[in-house]
Amino acid sequence: MKLAKWAHNLAESLLADHLPDRWAHSQRVYSQALALAPALGEDAGLLAAAAIAHDVGYAREAVDTGQHMIDGARYLRDVVGADPRLCSIVAFHTSSPWEAAELGLSEALEEFGPAEHELVDAITYCDLTSSPTGQLVDPAQRLVEVLDRYGPEHVVFRAVSAARPELLNRVERVQQRRAVTVQEGFS
């Protein structure tokens, strides 16, 4: 969990003072990742680190392309020398491939590929069960909130609209994996 502690300190330094709601959201995403630890085994610490750092691309120090997933991954890779797997999870989280396509940034996203689907599913689950202010939320309701917040003319609206079925499939895969892990714990 050393990696998670390092990522926590970094994310806090970038988000807590200037983007307090984003920091609250990131902390809930982190706690959701910790809850998934039994289902992730040796990758639990990596997911926890990615969860707390997943939105560092919103920090003014990290903004480059305007796509926070790529910007965060580039900041982690280029500025602080983070683990490539951590950078990849941040780069591919939630609706990133769809948003990158909308913005003409698919090639930039590929700098961090290939995506590790199991970990991308997990961080997407954590992200979509966390409200913008750090409350637990139903993933379908979270997607509605995102669409309402951005509106139909925004790239995020278009990307999330296109990604919605796959995002909910990711959530379902994680929920199934958690159920199996819990069931195996009782065996």
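The values are calculated or read from the model by the stated rules, or taken from the named source; none is laboratory data. What you see is a predicted model; the values in this text were computed from it and never measured. Virtual Cβ from ideal backbone geometry, glycine too; neighbours counted across all protein chains shown. Surface accessibility is based on the protein's heavy atoms, side chains included, excluding ligands, DNA and RNA. Shrake-Rupley method; radii C 1.70, N 1.55, O 1.52, S 1.80 Å.
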Based on DSSP H runs of at least 4 residues, each adding -39500 (n - 2.57), what is the mean residue ellipticity at 222 nm of the chain after dividing by all its residues, to the nearest 500 deg cm²/dmol? -21000 deg cm²/dmol
Accessible area (Å², 1.4 Å probe, nearest 10) - Ser31: 40 Å²
5 angstrom amide H check on Ser130, placed H, neighbours 5+ away: Val137
Work out, step by step, the length gained on full extension between Asp138 and Ser106: first 0.36 nm times the residue separation, then minus their alpha carbon distance; give nm to one decimal. 8.6 nm
In whole angstrom, note down how far apart the Cα centers of the range 1-39 and the range 84-154 are. 16 Å
Heavy-atom accessible area ranking, 1.4 Å probe, most first, across Glu110, Glu42: Glu42, Glu110
Would you please classify the overall shape of the range 103-187 from the alpha carbon gyration tensor, given that a ≥ b ≥ c denote the square roots of the eigenvalues, rounded means a/c under 1.5, and beyond that prolate means a/b larger than b/c while oblate covers the rest? oblate
Ignoring ligands, DNA and RNA, what percent of the accessible area of the chain is carbon or sulfur (1.4 Å)? 52 percent
Give the label of the value calculated from the structure for volume of the Cα convex hull per residue in Å³, choosing from [x] 149; [y] 106; [z] 165. [y]
Treat every Asp and Glu Cβ in the chain as -1 and every Lys and Arg Cβ as +1, leave all other atoms uncharged, and give the resulting dipole magnitude about the Cα centre to the nearest 20 debye. 420 debye
Placing each pseudo-label 7 Å from Cα in the direction of the beta carbon, Glu145 and Ala16 end up separated by a distance in nanometres of 2.3 nm
Can you compute the charge dipole magnitude of the range 99-187 about its Cα centre, using +1 on each Lys and Arg Cβ and -1 on each Asp and Glu Cβ, nothing else charged? Give it in debye, rounded to the nearest 20. 380 debye
Need one number: nm distance between label points at Val79 and Gln175, each 7 Å from Cα along Cα→Cβ, rounded to one decimal. 3.6 nm
Given a 1.4 Å probe, how much area per residue of the chain is accessible, in Å²? 47 Å²
Normalised by the residues of the range 1-127, what does the relative contact order come to in percent, with Cα pairs under 8 Å and at least six apart? 24 percent
P(r) of the range 94-138 in 5 Å steps, Cα pairs, percent per bin? 5, 20, 21, 20, 18, 12, 3
